[in-house]
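The values are calculated or read from the model by the stated rules, or taken from the named source; none is laboratory data. Because the structure is predicted, anything quoted here is derived from the model rather than measured. Don't worry about glycine lacking a Cβ; one is built from the backbone with ideal geometry, like all the others, and counts go over all protein chains shown. Side chains are part of the model used for accessible areas, which takes the heavy atoms of the whole protein and leaves out ligands, DNA and RNA. Shrake-Rupley method; radii C 1.70, N 1.55, O 1.52, S 1.80 Å.
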Amino acid sequence: MVVAPEPQLSSAPKEPKYYAVKRHLLEIIGTLSPGSPVPTERLLMAQLRTSRTTVRQALAELVGEGRLVRRQGSGTYVAEPKVSWPLRMTSFTEQANATGRAASTQLIDARRERATHEIADRLGLRPGAPVQSIERLRLVDDIPMALETSHLSASRFPGLARHLRHSDSLYRVLRDEFGVVPVSAEETIETASATPHEAELLNTETGAPILMLSRHSFDAAGAPIEWVRSWYRGDRYRFVTRLTSE
């Protein structure tokens, strides 16, 4: 049984009640190792003299941040530390190998379709031109990490889907089969909520916080190669990059 520290709930002016509970829980989490149970809602309500709604809001926010994890029918526990993932101009497989992890891929869908105005603009095509849309689930140490949807010109990369059925690395296929190597990219990171489709594949809940990365890659001549969106669980991963002055 976990014995919580004495509550310290002196709130700053205009601080929401749930935030005082959250600060108290953060103090508890700081004394526990990953996998340890935290006090139950009932115990927190009694200790802090507050409502179940307030306690649940604080717990839900900490779960969303990846500091706590709920186990159905069991309770709430201190989460494992987030996985640090470097942002580099390399393939997912190469990134995983560089951190000593084993990467694998599940091909979810590969289809030929007509380019929307957005995709056509990204790939330098006319709207309606044929594109290859590749959806893949990326795993690290057999744990789902990201769901990716890549769009590439079907005329520039004929038979791409067939090649990907025999390789985990898109960049390797582009290099070995088509002689194309991405040398630069523009990448953006946004927050979003998991759709039912993303939640199912990433083993999280619908509406859970996720990180959406969009990458627009180019070859040495500056021609666009790929437009890809990747969805990562926001409670399990954080991104790391190195910045240098020009």
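Suppose we keep only residues that are surrounded by 21 or more Cβ atoms within 10 Å (Cβ to Cβ) and small (Gly, Ala, Ser) within the range 214-236. Which one would you say is nearest to the chain's Cα centre (by Cα)?
Selected residue: 234.
How about the range 8-22: which of its residues are modelled with pLDDT of 75 or more, part of a loop (DSSP other than H, G, I, E, B) and open to solvent by 50 Å² or more (accessible area, probe 1.4 Å)?
Restricting attention to the range 8-22, the residues satisfying the condition of being modelled with pLDDT of 75 or more are 15-22.
Add one more test, that the residue is part of a loop (DSSP other than H, G, I, E, B), and what stays is 15-16.
Of everything in the range 8-22, just one residue is modelled with pLDDT of 75 or more, part of a loop (DSSP other than H, G, I, E, B) and open to solvent by 50 Å² or more (accessible area, probe 1.4 Å), namely 16.
So which of 44, 25, 48 is buried (at least 18 other Cβ atoms within 10 Å of the Cβ) and within 16 Å of residue 235 (Cβ to Cβ)? Spell out how you get there, then give the answer.
Working: 44 fails: within 16 Å of residue 235 (Cβ to Cβ); 48 fails: within 16 Å of residue 235 (Cβ to Cβ).
Within the list 44, 25, 48, the selection yields 25.
Could you tell me how many of the residues in the range 61-80 are open to solvent by less than 50 Å² (accessible area, probe 1.4 Å) and assigned to a helix (DSSP H, G or I)?
Of all residues in the range 61-80, those open to solvent by less than 50 Å² (accessible area, probe 1.4 Å) come to 62-64, 66, 68, 75-79.
Pick out the ones that are also assigned to a helix (DSSP H, G or I) and you get 62-64.
So the answer is 3.
How about the range 204-234: which of its residues are in a strand (DSSP E or B) and among the polar types (S, T, N, Q)? Reasoning before the result, please.
Taking the range 204-234 first, the residues in a strand (DSSP E or B) are 209-218, 224-233.
Across the range 204-234, the qualifying residues are 214, 217, 230.
Go through the residues of the range 226-234 one by one and say whether even a single one is in contact (Cβ under 8 Å) with a residue 60 or more places away in the chain and among the basic types (Lys, Arg).
First pass over the range 226-234, keeping only residues in contact (Cβ under 8 Å) with a residue 60 or more places away in the chain: 226-234.
Add one more test, that the residue is among the basic types (Lys, Arg), and what stays is 229, 233.
Yes, the range 226-234 has at least one match.
State yes or no: is residue 242 at pLDDT below 90 and surrounded by 13 or more Cβ atoms within 10 Å (Cβ to Cβ)?
No.
Looking only at the range 88-119, which residues are at pLDDT 80 or above, aliphatic (A, V, I, L, M), under 17 Å from residue 170 (Cβ atoms) and not in a helix (DSSP H, G or I)?
Of everything in the range 88-119, those that are at pLDDT 80 or above, aliphatic (A, V, I, L, M), under 17 Å from residue 170 (Cβ atoms) and not in a helix (DSSP H, G or I) turn out to be 103, 107, 108, 110.
Can you give me the number of residues within the range 23-57 that are farther than 19 Å from residue 81 by Cα and either in a helix (DSSP H, G or I) or within 28 Å of the chain's Cα centre (by Cα) (or both)?
Filtering the range 23-57 for residues farther than 19 Å from residue 81 by Cα gives 24, 39-57.
Remaining after also requiring either in a helix (DSSP H, G or I) or within 28 Å of the chain's Cα centre (by Cα) (or both): 24, 41-48, 52-57.
Matching residues across the range 23-57 total 15.
Identify the residue in the range 120-152 that is open to solvent by 20 Å² or more (accessible area, probe 1.4 Å) and in a helix (DSSP H, G or I) and, among all such residues, is farthest from residue 210 (Cα to Cα).
In this case the residue turns out to be 121.
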